[in-house]
Amino acid sequence: MASDSFSTRRFNRFHGRVESDRPCSADGCAEPGEFRAPPLEGSASSHEGPRWRWLCLEHVRQFNQGYNFFSGMSADEIAAAQRPYAGWERETRAFSTNAASPPPRWADFADPLDAIGAKFRERKAQAERDNAARADGRFLSKEDRRALGVMGLPVDADRKALRARYTELVRRYHPDHNGGDRSHESALQSVIEAYGLLRKAPAFA
């Protein structure tokens, strides 16, 4: 069971510990090497970097106690390493002038519920409604278009369609038609405001 495996797992309370069965690199030590340490001076390194040593807890503590970052440095090198801005001279990828990454492609995204695609289509449809012209050439302001969206009407709706839609929505949201339920009052108020704006608009004159 999962609980049994968790109870037998060693509690990892040491930062940097990587539980493994590899032996400690210290001569004659039978404890597992679970802590990474730099290689000994003069040891070979691969083309990918230094070959790290893996030490047990006791030996990595001994290594840390005797480790001296400034070992082998001259006085000038030590002073340079202790400057507040030491290391900031090196150009990193994040600040490099040629470090720009290409934007993600749509093909890189998994959208099993069509959440991204549906939102994109909704915004595209809204943009098309916002830019669509009426067949009769009558002007629609931005507020008129927003009000049409509240009413759920197309840009070519006429005054008769506007009145019919208003009556339908009032019946749907008014408490008197819902057994006194006042939970739709906000929607009703939006419909009343939208109708009041549109019936005075030049497109519905």
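The values are calculated or read from the model by the stated rules, or taken from the named source; none is laboratory data. The model shown is predicted, which means the values in this text are computed figures rather than measured ones. As a convention, Cβ positions derive from the backbone with ideal geometry for all residues, glycine included, and neighbour counts pool all protein chains shown.
Exactly one condition in (1) part of a helix (DSSP H, G or I); (2) surrounded by 11 or more Cβ atoms within 10 Å (Cβ to Cβ); (3) modelled with pLDDT of 80 or more is false for residue 123; which is it?
Every listed condition holds for residue 123 apart from (2).
May I ask you to list the residues in the stretch 56-81 that are among the small types (Gly, Ala, Ser) and loosely packed, with under 11 Cβ neighbours inside 10 Å? It would help to see each step written out before you state the result.
Taking the stretch 56-81 as the starting set, the residues that turn out to be among the small types (Gly, Ala, Ser) are 66, 71-72, 74-75, 79-81.
Those that are among the small types (Gly, Ala, Ser) and loosely packed, with under 11 Cβ neighbours inside 10 Å: 66, 71, 72, 74, 75.
Could you tell me which of the residues 181, 130, 111, 136 is in contact with a helix residue (DSSP H, G or I) (Cβ under 7 Å, 6 or more places away or on another chain), in contact (Cβ under 8 Å) with a residue 12 or more places away in the chain and of a type in the set (Asp, Glu)?
Answer to the check: 130.
In the stretch 162-178, what residues are of a type in the set (A, V, I, L, M), in contact (Cβ under 8 Å) with a residue 12 or more places away in the chain and farther than 17 Å from residue 141 by Cβ?
The initial filter retains those residues of the stretch 162-178 that are of a type in the set (A, V, I, L, M), namely 162, 164, 169-170.
This time we only want the ones that are in contact (Cβ under 8 Å) with a residue 12 or more places away in the chain, so: 162, 169-170.
Residues satisfying the conditions are 169, 170.
Among the residues of the stretch 159-205, which ones are surrounded by 11 or more Cβ atoms within 10 Å (Cβ to Cβ) and in a loop (DSSP other than H, G, I, E, B)?
Correct list: 174, 178, 181, 182, 184, 199, 201.
Would you pick out the residues in the stretch 147-161 that are within 34 Å of the chain's Cα centre (by Cα) and without any contact (Cβ under 8 Å) to a residue 40 or more places away in the chain?
Of everything in the stretch 147-161, those that are within 34 Å of the chain's Cα centre (by Cα) and without any contact (Cβ under 8 Å) to a residue 40 or more places away in the chain turn out to be 149, 152.
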